[in-house]
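What follows is a short report on a single structure.
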Amino acid sequence: MRPYDERLDQFLSRAAKVFADQGYHSTTMRDLAAATGMSLAGMYYYVRGKEELLYRIQDRCFARVLAGAERALTGLADADALERLHAFIRHHVTFFAAHMAEMKVLSHEANSLTGERQRKVSAIKRRYVDLLEGLLKDVAPDEPAVDRSAAAYVLFGMMNWIYNWYDPAGEIDPERLAGLIARIFSGGFAEARSTVHGG
């Protein structure tokens, strides 16, 4: 992994905002140059073209959210399963509340990458989904795997949809929103489990 480059970091953040506002396909490299304050030559120093830029945004974002989730769970090895699930939710929501443009790009442009770039991003996404499914297995070990998988995507749907309506500077701060989502999901998941299994 290359050393941290603050200029690259700012470039990727600003480019994510442009993609979020205009859409990937209708954005040109000239649009990106104007919005980021970087010359075309400066951009081409970092990326070979628009698809590589999209790849770098997605790869960086998924790698960070995965690493952060793993860190958040490291100190909770002895915690109960629900507490670990809530820690995952809290991390995901607070991370993306600080990266709303990236969240929109990840959601809208999930299928815009091709070839090896798409495979690499899909592999990181798979690790992240597997991490959540493992937590759900700990919460509900008797739940069929297919239901746990569906529940994981239901939860991601709840968390990832916030870019459409949520204002991190509004009345509900990210921690409070994360707690609300955790309560709604885990309560509903527990209730569904007891209904299905007659508990």
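The values are calculated or read from the model by the stated rules, or taken from the named source; none is laboratory data. Note that the coordinates shown come from a computational prediction; the quantities given were computed from them, not determined experimentally. Methodologically, a virtual Cβ is constructed for each residue, glycine included, from the backbone with ideal geometry; neighbour enumeration extends over all protein chains shown.
Conditions (1) loosely packed, with under 14 Cβ neighbours inside 10 Å; (2) under 30 Å from Gly134 (Cβ atoms); (3) aliphatic (A, V, I, L, M), marked per residue:
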residue: Ala15; (1), (2), (3): no, no, yes
residue: Gln22; (1), (2), (3): no, no, no
residue: Leu32; (1), (2), (3): no, no, yes
residue: Gly42; (1), (2), (3): yes, no, no
residue: Gly49; (1), (2), (3): yes, no, no
residue: Leu54; (1), (2), (3): no, yes, yes
residue: Ile57; (1), (2), (3): no, yes, yes
residue: Thr74; (1), (2), (3): yes, yes, no
Among the residues of the stretch 99-111, the number that are modelled with pLDDT of 95 or more and either in a loop (DSSP other than H, G, I, E, B) or surrounded by fewer than 17 Cβ atoms within 10 Å (Cβ to Cβ) (or both) is 1
In the stretch 76-98, residues that are crowded, with 18+ Cβ neighbours inside 10 Å and small (Gly, Ala, Ser) total 2
| request: Inspect all residues belonging to the stretch 77-85 and state whether any of them is free of Cβ contacts under 8 Å to residues at least 24 places away in the same chain and within 30 Å of Gly49 (Cα to Cα). | output: no
Filtering the stretch 74-97 down to residues that are hydroxyl-bearing (Ser, Thr, Tyr) and either at pLDDT 95 or above or within 10 Å of the chain's Cα centre (by Cα) (or both) yields Thr94
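Under 15 Å from the mean Cα position of the chain (by Cα), farther than 17 Å from Ala152 by Cα and among the basic types (Lys, Arg), is that true of Lys125? Spell out the reasoning first.
On the way: under 15 Å from the mean Cα position of the chain (by Cα): yes; farther than 17 Å from Ala152 by Cα: no; among the basic types (Lys, Arg): yes.
Judged against the criteria, Lys125 is not a match.
Give the stretch 112-123 a look and list any residue that's surrounded by 17 or more Cβ atoms within 10 Å (Cβ to Cβ) and closer than 29 Å to Ser186 by Cβ, or say none. Don't jump to the end; show me each part of the working.
Step one: filter the stretch 112-123 for residues surrounded by 17 or more Cβ atoms within 10 Å (Cβ to Cβ), giving 112-113, 117, 121.
Hit for the stretch 112-123 is Val121, nothing else.
Has the stretch 91-105 got any residue that is among the acidic types (Asp, Glu) and under 30 Å from His25 (Cβ atoms)?
The first filter runs over the stretch 91-105 and keeps only residues among the acidic types (Asp, Glu), leaving 102.
With the extra rule that they be under 30 Å from His25 (Cβ atoms), the set shrinks to 102.
Yes, because at least one residue in the stretch 91-105 is among the acidic types (Asp, Glu) and under 30 Å from His25 (Cβ atoms).
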Conditions (1) β-branched (Val, Ile, Thr); (2) outside any helix (DSSP H, G or I); (3) in contact (Cβ under 8 Å) with a residue 40 or more places away in the chain -> Ile172 fails only (3)
